[in-house]
Structures are given as C-alpha cells and as structure tokens.
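The values are calculated or read from the model by the stated rules, or taken from the named source; none is laboratory data. Predicted, not measured: the structure shown is a model, and the values here were computed from it. Cβ placement follows ideal geometry from the backbone for every residue including glycine, while neighbour counts extend to all protein chains displayed.
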Amino acid sequence: MILFLYVKIMYIYKLVFLSLVLFSQLANANDIPKITKNVVGIFNVDTNKAVNTRDVYGDVINYYIPPEINTITIHSPNDGDVSIDLQSEIEFVISEWREAGLRFKRLSSIQGTTRYIGYRLGNDASAYGYTNFNEPREGDAITRLSLEPSGFTRFIPDYYRRLMRAGMISSNMTMHEFIRMMVRVTLLHETGHALGLAHHDENGHEFIGGMRVGREIVRCGINISRPSIMQGGSSGSYLSLVSQFLSRPVNINDVVLSRNDLEGADRMFNSHNSRGVVSLFCMAVFMSMKGSEL
C-alpha cells in the first residue's frame, strides 16, 4: 500500500513538473514556427536514401585544423581587430557534435588522407561561412568547411546593433563577446552541414544539379524543443529564435545543439533511409507525461 502511494505521488509529481515546464514555455514558444525545430538531411536522388556519412568518413570522422588558423581575426569598425581563439572554438564544436554518439579524431597531418573535414579561412564576403560536403568518389571524400572573416566584418556590426535594440542580447555584451558567439554559431551550423544536414527549411529542395535533395529526418513540434542550429534564415535568425525560446537575452552559453540536431546527425551516420521520424526526445516527453517509464 505504501509503495503504491509512493508510485502514485511520484507520477503526479512528474506530471505536474512537466506541465509547469510546458506552460512556462507556452507564451513565447508558441510563436516560434514549428519548422524551426525540425531537421532536414541530404538524400541521394537516384537511390532516395540518405547520404550515409559513415560511408563518407568511415567509422571515425577525421578532421583537420591547419596550424596557420590558430586564430580568426575580424575587423570591427569601433573595436579594431578582434581575434578569436579558433582552434579552441572548433574543439568545443566537435565536443558538442560528439553528443550525437559520433567518434571524431583530429589529424596532425593530412598527407595521404582524403576522408576528413578540413577547416579553413576563406575570402568570401557574402556569408559567415560555407561547406562543400562530398560523397565518396574516386577515393576522395574531403569536406571543406570555411569561415569567412570578410563576411563577419561586413555583417556583424549591423546584426549586433539590431539584436541589441531588440533586447535579444544583453546591453552589456561587448563586440568581442558577440563576435565569439557568432563564430561558435557558424562553426556549429557549418559542421552540421559536414555531417549531412541541410537547412531547416530545405525539405524538398534540390542541390548540386538535382543529384541531391533535402528530406525531413527529425521532427518535433512540442514547445520545450529548442530551435535547430541549422536555421536557413527564412524563419528568423538563430539567435533571435533562441532568445524568443528562452524569453531573455542570449549569451554564448545558450549556443548549443538541440536534441533534434543530435538525432539528425546520428541518423545520417547510422541509417541509409531515415525519413520523417519523430524525435526520440519528443517521444520521451510524451511518454513521461503519460506516466510511462523512459
């Protein structure tokens, strides 16, 4: 009898707790488009299967950071040159994506190696960064991930002012802190591309002359699900959506992967045909609210 009452009380406690969490997010999260929580993967049009990233990289995903890009230097009109420790930011990003259950190894040399993610700095002023993600072909599966200092210099000042005016970043956040945060956002996003993920709004879009197409692989519409790091811009910037989700200004510690992002990377690595699967995180919350064991 006592055990029964204990189990009943724990069930009610869990239900009340989860209800409070859900309702605490309801006011603002309801205004966030549900599509911003979903994850899209890259599929091969000929086979209609996901481009399996284990086939691309092997069981361990190698990555290479050239010694000459220890730092990234970005010019800020009012703050002069701002230097960010790029290697430590890349290592942080790799540790985040490891949470998907993926194994990574940093290469000290790329001599004789082709299957790896190569980080580099470019000179394209039209974006913060870009990624050339390749399937295996003729023994070459290198993925080139580029950060663009000129793009940061061009876009950062206006973006910084807009977010500050909107109260989406703290009025005390310096330009140096903001640039570091944007470097982290960009690295997380571009590494997501290197792991086979497309932008959140590219479901059904064709890439590379129609040889590939984006397909939704993880969906989750519940309010406590964070926006995906793979924002494409059509639903608002990633930082503004996270601020809306948290109901406060964001800081660099808020720039993390969602459970959906991690599940998407896992499914691209471990499955050849993952399509439109409900997030395990969403299912866990649903089952928990039903009182089932997780």
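Couple of notes before you dig in:
- Flag if Leu257 is in a loop (DSSP other than H, G, I, E, B) and modelled with pLDDT of 95 or more: yes
- Residue count, the range 195-242 (criterion: outside any strand (DSSP E or B) and either more than 30 Å from Arg115 (Cβ to Cβ) or touching a residue at least 24 places away in the same chain (Cβ under 8 Å) (or both)): 32
- Any hit, the range 132-145, residues being over 20 Å from Ile179 (Cα atoms), free of Cβ contacts under 8 Å to residues at least 12 places away in the same chain and part of a loop (DSSP other than H, G, I, E, B): yes
- Failed item in (1) of a type outside the set (A, V, I, L, M, F, W, C); (2) more than 11 Å from Pro149 (Cα to Cα); (3) in contact (Cβ under 8 Å) with a residue 40 or more places away in the chain, with Thr114 passing the rest: (3)
- In the range 144-197, the residue that is farthest from Val39 (Cα to Cα) out of those that are hydroxyl-bearing (Ser, Thr, Tyr) and under 11 Å from the mean Cα position of the chain (by Cα) is Thr186.
- Residue in the range 171-181 that is surrounded by the most Cβ atoms within 10 Å (Cβ to Cβ), counting only those that are in contact with a helix residue (DSSP H, G or I) (Cβ under 8 Å, 6 or more places away or on another chain) and not charged (D, E, K, R): Phe178
- Some residue of the range 94-108 being closer than 21 Å to Val256 by Cβ and without any contact (Cβ under 8 Å) to a residue 12 or more places away in the chain: yes
- Cβ-Cβ under 6 Å pairs, at least 6 apart or on other chains, the range 38-56 side under 15 Å from Asp266 (Cα atoms) and in a helix (DSSP H, G or I), far side at pLDDT 95 or above and of a type outside the set (Phe, Trp, Tyr): Thr53/Leu195; Thr53/Gly196; Thr53/Met268
- Scan the range 115-127 for residues that are within 13 Å of Leu187 (Cβ to Cβ) and either out of contact with any helix residue (DSSP H, G or I) (no Cβ under 7 Å at 6 or more places or on another chain) or of a type in the set (A, V, I, L, M) (or both) and the total you get is 2.
Let's see how each residue does on (1) touching a helix residue (DSSP H, G or I) at 6+ places or on another chain (Cβ under 6 Å); (2) modelled with pLDDT of 95 or more; (3) of a type in the set (Ser, Thr, Tyr); (4) on the phi > 0 side of the Ramachandran plot:
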{"site": "Asp59", "(1), (2), (3), (4)": "no, yes, no, no"}
{"site": "Tyr63", "(1), (2), (3), (4)": "no, yes, yes, no"}
{"site": "His75", "(1), (2), (3), (4)": "yes, no, no, no"}
{"site": "Asp81", "(1), (2), (3), (4)": "no, no, no, no"}
{"site": "Val93", "(1), (2), (3), (4)": "yes, yes, no, no"}
{"site": "Thr113", "(1), (2), (3), (4)": "no, no, yes, no"}
{"site": "Gly167", "(1), (2), (3), (4)": "no, yes, no, yes"}
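- For beta carbons closer than 9 Å, sequence separation of 6+ or different chains, a first residue in the range 146-173 that is assigned to a loop (DSSP other than H, G, I, E, B) and among the polar types (S, T, N, Q) and a second that is at pLDDT 95 or above and crowded, with 17+ Cβ neighbours inside 10 Å, the qualifying pairs are Ser170/Pro249; Ser170/Val250; Ser171/Pro249.
- Residue in the range 174-183 that is aromatic (Phe, Trp, Tyr), more than 22 Å from Phe269 (Cβ to Cβ) and assigned to a helix (DSSP H, G or I) present: yes
- Annotation note: Cβ proximity below 7 Å between a residue of the range 65-92 that is surrounded by 13 or more Cβ atoms within 10 Å (Cβ to Cβ) and a residue that is of a type in the set (Gly, Ala, Ser) and at pLDDT below 90 (sequence gap 6+ or interchain) occurs for Val82/Ser76.
- Residue match in the range 244-256 (condition: in contact with a Gly (Cβ under 8 Å, 6 or more places away or on another chain) and crowded, with 22+ Cβ neighbours inside 10 Å): no
- For the range 117-131, residues that are touching a residue at least 40 places away in the same chain (Cβ under 8 Å), in contact with a Ser or Thr (Cβ under 6 Å, 6 or more places away or on another chain) and either in a helix (DSSP H, G or I) or under 18 Å from Ile84 (Cα atoms) (or both) total 3.
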